[in-house]
Amino acid sequence: MTSGSTSVLEYVHQAGLDENESFKAGDLKMHYSIGEKEGTSYTIRYDHRDEKIVKIGVVPGLTGKELSPKDLQKCAVWLQAPSHIDLYVNDNIVDDMRGKLLGKEVGGKELIEKVGDFFGALKERNLNKAMSLAVEAAKVAKAILPSISRMPFASNLTGRTRAFAMAATKVIKSTVAPEPMALANAPSFGMGSGMGGSTAQKGISKKVKKEEDKEDA
């Protein structure tokens, strides 16, 4: 399957919707995945109520609705990080994609198929495969993003905004994504951390301070 010619129906089937299910503009469908332990069940939502966008996302629990922060804390750590995408549709063909996998930004045509496989793996409850795909997608997403410091608009940023952008670029370049199993078992992996997020955030904060000092000099 090539992302440039993938129909919406083909894609949602790849992403875990049952093969016998139809899917068209106006539809909202769910796949319920029941875990053996408390806090490990989840729902995959396929939302095509906007004819130009298909939203696919993982929602902890079996209601298909977002949980309160208190209830979310009772879920498996990987479920506490957002995994959802917006597929942009042109003449019923998947044309582009933006979103997050396990809290990490992903996007672009290059990742459409890999992201579909991620949700397909979750449908099968193959968490090791899903997390491996998420890590790979995050690495690709970083590789295709241009350096913020070299972008034309960088010179137009000032103060803390510019300091944060420059610092984030340096940290992104130096951050190595963890192995999938380490990610699955990391106790700190949750809403605020992403994949190794706490370390990266500390690095960004330190570099922001240095960049601000340069701005003030």
Tell me, please, whether a residue that is touching a helix residue (DSSP H, G or I) at 6+ places or on another chain (Cβ under 6 Å) and modelled with pLDDT under 95 can be found in the range 12-23. yes
Being within 19 Å of Leu133 (Cβ to Cβ) and not in a helix (DSSP H, G or I): is that true of Tyr46 here? yes
Which condition does Leu17 not pass, out of (1) within 13 Å of Ile112 (Cα to Cα); (2) part of a loop (DSSP other than H, G, I, E, B), if it passes all the others? (1)
Tell me, yes or no, whether the range 30-43 has at least one residue that is touching a strand residue (DSSP E or B) at 6+ places or on another chain (Cβ under 7 Å), assigned to a helix (DSSP H, G or I), in contact (Cβ under 8 Å) with a residue 60 or more places away in the chain and not hydrophobic (A, V, I, L, M, F, W, C). no
Arg98 versus (1) basic (Lys, Arg); (2) in a helix (DSSP H, G or I); (3) without any contact (Cβ under 8 Å) to a residue 24 or more places away in the chain: which is the lone unmet condition? (2)
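Going by the conditions given, is Lys109 more than 23 Å from Glu66 (Cα to Cα), more than 14 Å from the chain's Cα centre (by Cα), modelled with pLDDT of 50 or more and of a type in the set (Lys, Arg)?
yes
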For the range 53-66, which positions are modelled with pLDDT of 95 or more and either farther than 13 Å from Glu38 by Cβ or assigned to a loop (DSSP other than H, G, I, E, B) (or both)? Ile53, Val54, Lys55, Ile56, Gly57, Val58, Val59, Gly61, Leu62
Output the number of residues of the range 94-117 satisfying the condition of being touching a Ser or Thr at 6+ places or on another chain (Cβ under 6 Å), farther than 14 Å from Gly57 by Cβ and surrounded by 16 or more Cβ atoms within 10 Å (Cβ to Cβ). 3
Got at least one residue in the range 79-87 being part of a strand (DSSP E or B), surrounded by 18 or more Cβ atoms within 10 Å (Cβ to Cβ), in contact with a Lys or Arg (Cβ under 8 Å, 6 or more places away or on another chain) and at pLDDT below 95? no
Scanning the range 44-70 residue by residue, those buried (at least 18 other Cβ atoms within 10 Å of the Cβ), farther than 17 Å from Lys100 by Cα and in contact (Cβ under 8 Å) with a residue 24 or more places away in the chain turn out to be His48
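The values are calculated or read from the model by the stated rules, or taken from the named source; none is laboratory data. All of these numbers come straight from a predicted model, not from anything done at the bench. Glycine also receives a Cβ, built like all others from the backbone with ideal geometry; neighbour counts cover every protein chain displayed.
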